[in-house]
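Novice: Let me give you the structure first, and then I'll get to my questions.
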Amino acid sequence: MAASDENSSLFPIFILTIMAIPILPYTILKLCRAATREKKSIHCQCSACLHSGKYRKSIFKRISNFSSCSNLTLVLLWVLMGILVYYIKHINHEIQPFEPFSILGLEPGVSDSEIKKAYRRLSILYHPDKNPDPDAHKYFVEFISKAYQALTDPISRENFEKYGHPDGRQGLQMGIALPQFLLNFDGASEGVLLFGIVGVLILLPLLVAVIYLLMSSKYTENNVMHQTLSTYYYFMKPSLAPSKVMDVFIKAAEYMEMPVRRSDDEPLQKLFVAVRSELNLDLKNIKAEQAKFWKQYPSLVKMELLIQAHLARESAMLSLSLLNDYRLMLELAPRLLEELLKIAVLPHSPHGHGWLRPAIGVVELSQCIIQAVPLSARKLTGGNPEGIAPFLQLPRFNESVVKKIARKKVRMFQELRDLTVEDRVELLTQVAGLSEIEARDVEHVFEMIPSITVDIMCETDGEEGIQEGDIVTMYAWVTIKRGNGLIGALPHAPCYPFHKEENFWLLLADSVSNDVWISQKVNFMDEATAISGASKAIQETKESLGASAKETNVAVKEAVDKVTESG
């Protein structure tokens, strides 16, 4: 029974040890990452971005950043470990080993007369005839009497003095650190033990597996519904014009599941009036066009109006319920557009090529959503093939400002960017009518906008020239530079309410045949990622061509050196 009690008391220590093994190193790792985290700001410093609230370091923002699921779980586990430590410390005081000499207040090696004197002295204090306290009676029976019996027997006393146990030398004992109620196999305890074994070892893993299978059957690795991918693939066409990509994009299953409430009817009607010019309606037959628009599936109508409200920067007129749907729509948009782009560049043609025209449309729609720029702003105006969309991403810029600087023959966005800082500030303040503070905001954005250089090198294995029919390996070196010296940065997007990393896609395509031969997503968030990506790409390419290990290592080293020099 004593061994069983000891095993039961070790159960909290066993649990504490199992918890500490993963939690302690994980906590140290998180603290090291937090201590070494780069402090340099990578977001735009213009007043529009700073006032958007996305990067504000308020106490609520800090609490929100800390209150992630992993952080809260870690804190909860540390609290539980603290409770276990306190409990273990408490039970260690309660459960003491049976030491007869200590109980009688004696030192080992005393005579029998001293033992009897100690026993009589304690009997006066704890004997039931002298002390009616139940605790005193329990202590006298379980400790004092047993200690006296152990020390008055010559064999037991000799064993205590030599081996520390009344029964002599003890062999190695093995036990199970389980609570006592699980070791008493009688009555309800057997049911509890059986339920624990079945629940923990069978039902819990089965429940986790079922949840995982249900989620994986509904969502992809990118957390996009499989139904959405099927819909996008069905409506993706090689002739899909950029202006029609919106019609495919809003058919995502995630958007179709958003509720359409009766209370939204009136706000949507007002929103329709505000964005009607962006809906590609035939003005010659406007009544029939409006009726046709409202006869669409309600979720399609709602999503298109919400997106157009964002592009037109009319979100201030949304009701509270629509505002929640609006934020959810924007939060889902980047990963839905990424999947739509992947489907556009999938091998569709008999030659295994993707389609360029819809891919460009997806990229343009993504740019418009992040920058909150109307799709109509991309149309050709005043001899500018880009339209005024690139200008509208700049703070304080509108159609009137674009017209003013066009009088000074600055019609292209690149032309404005190629000006010196002094000439650009002079143009914006004296011609466009911006204040010095507003012109400084424009400069902050220009410092964040990257300049990209692409160097292409083609080679054939074992040959100097390239002839028709040769297998050609193409190496594309993409170099990115910014005015503020950053490598990776968050884009200037004050109207987009969430953090958004830059996305770059490298497409090798033919605009005449509408074919996309190669597509690759590129990340520039840090130099380490660039080095890792370049090394992996070069290694895989060389190995596929049958290059030796030495040739592969030389090529990888050259790639790393090139990335380092570019950085």
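Novice: Please list, ordered by chain and number, the residues whose modelled amide H lies under 5 Å from the amide H of Ala509; skip anything fewer than 5 residues away on the same chain.
Specialist: Close amide H contacts, sequence-distant or interchain: Trp517.
Novice: Report the calculated FRET efficiency for Lys295 and Lys379 (r = Cβ-Cβ distance, R0 = 30 Å), to the nearest 0.05. Before the final figure, lay out each step's value.
Specialist: Details: r = 27 Å, r/R0 = 0.91.
Step by step, r from the Cβ atoms, then E = 0.65.
Novice: Between Asn484 and Ser435, what is the spin-label point distance in nm, taking each point 7 Å from the Cα along the Cα→C-beta axis?
Specialist: For Asn484 paired with Ser435, the spin-label model returns 2.1 nm.
Novice: Then there is this: Cut-off 20 Å, label point 7 angstrom out along Cα-to-Cβ of Val421: give me the residues of the stretch 388-407 whose amide nitrogen falls inside.
Specialist: 394-396
Novice: Something else about it: Per-residue HN-Hα couplings for the stretch 536-541, Karplus 6.51 cos²θ - 1.76 cosθ + 1.60 at θ = phi - 60°, whole Hz, x for Gly and Pro?
Specialist: 5, 5, 5, 4, 5, 5
Novice: On a 25 Å Cα-Cα criterion, which of the cross-link pairs Lys403/Lys500; Lys116/Lys146; Lys295/Lys342; Lys409/Lys500 come out too long? Mind showing how you got there, number by number?
Specialist: Numbers: Lys403/Lys500 30 Å; Lys116/Lys146 13 Å; Lys295/Lys342 31 Å; Lys409/Lys500 34 Å.
With Cα atoms farther than 25 Å apart: Lys403/Lys500; Lys295/Lys342; Lys409/Lys500.
Novice: Starting at the first residue of the stretch 390-400, write each ³J(HN,Hα) from the Karplus equation 6.51 cos²θ - 1.76 cosθ + 1.60 with θ = phi - 60°, in whole Hz, x for Gly and Pro.
Specialist: Per-residue couplings from phi come out as x, 5, 5, 6, 7, x, 6, 8, 9, 4, 5 Hz.
Novice: Through the Karplus equation 6.51 cos²θ - 1.76 cosθ + 1.60, θ set to phi - 60°, convert the phi angles of the stretch 128-138 into ³J(HN,Hα) values in whole Hz; use x for Gly and Pro.
Specialist: Each residue of the stretch 128-138 in turn: x, 6, 9, 9, x, 5, x, 5, 5, 4, 5 Hz.
Novice: So which GluC sites (Glu not before Pro) in the stretch 244-311 are both in a DSSP loop and have at most 12 other Cβ atoms within 10 Å of their Cβ?
Specialist: Those satisfying the criteria are Glu257.
Novice: If you don't mind, another one. Just grab the label-to-label distance for Val472 and Ala20, each label 7 Å out from Cα along the Cβ direction, in nm (one decimal).
Specialist: My value for the distance between the label points is 6.5 nm.
Novice: Can you list the lysines whose alpha carbon is less than 30 Å from that of Lys292, not counting same-chain residues fewer than 8 positions off?
Specialist: Straight-distance partners of Lys292: Lys237, Lys244, Lys251, Lys270, Lys284, Lys302, Lys379.
Novice: Test of understanding: extend the Cα→C-beta vector of Gln414 to 7 Å, then name every residue of the stretch 455-491 with backbone N under 20 Å from that spot.
Specialist: Hits in the stretch 455-491 for Gln414 at 20 Å: 455-457, 477-483.
Novice: Give me the number: length gained by fully extending Asp510 to Arg262, i.e. 0.36 nm times residue separation minus the C-alpha to C-alpha distance, one decimal in nm. The partial results should precede the final answer.
Specialist: Details: separation 248, 0.36 × 248 = 89.28 nm, distance 4.82 nm.
Extra length from Asp510 to Arg262 when fully extended: 84.5 nm.
Novice: Once the other residues with Cβ under 13 Å from the Cβ of Glu221 are scored (Lys, Arg +1; Asp, Glu -1), what is the net sum?
Specialist: On the way: positive: Lys218, Arg335, Lys342; negative: Glu338, Glu339.
So the environment of Glu221 carries a net charge of +1.
Novice: Determine the sum of side-chain charges near Phe249: Lys and Arg each +1, Asp and Glu each -1, restricted to other residues whose C-beta is under 13 angstrom from that of Phe249.
Specialist: Details: positive: Lys244, Lys251, Arg335; negative: Asp247, Glu254, Glu304, Glu338, Glu339, Glu364.
Value of the local net charge: -3.
Novice: So for the pair His226, Ser321, with labels modelled 7 Å out along Cα→Cβ, what separation do we get in nm?
Specialist: So the label points at His226 and Ser321 sit 3.3 nm apart.
Only the coordinates and a few stated rules stand behind these numbers; no lab work does. Keep in mind it's a predicted model, so treat the numbers as computed, not measured. Please note: Cβ atoms are built from the backbone with ideal geometry, for glycine as well, and neighbour counts cover all protein chains shown.
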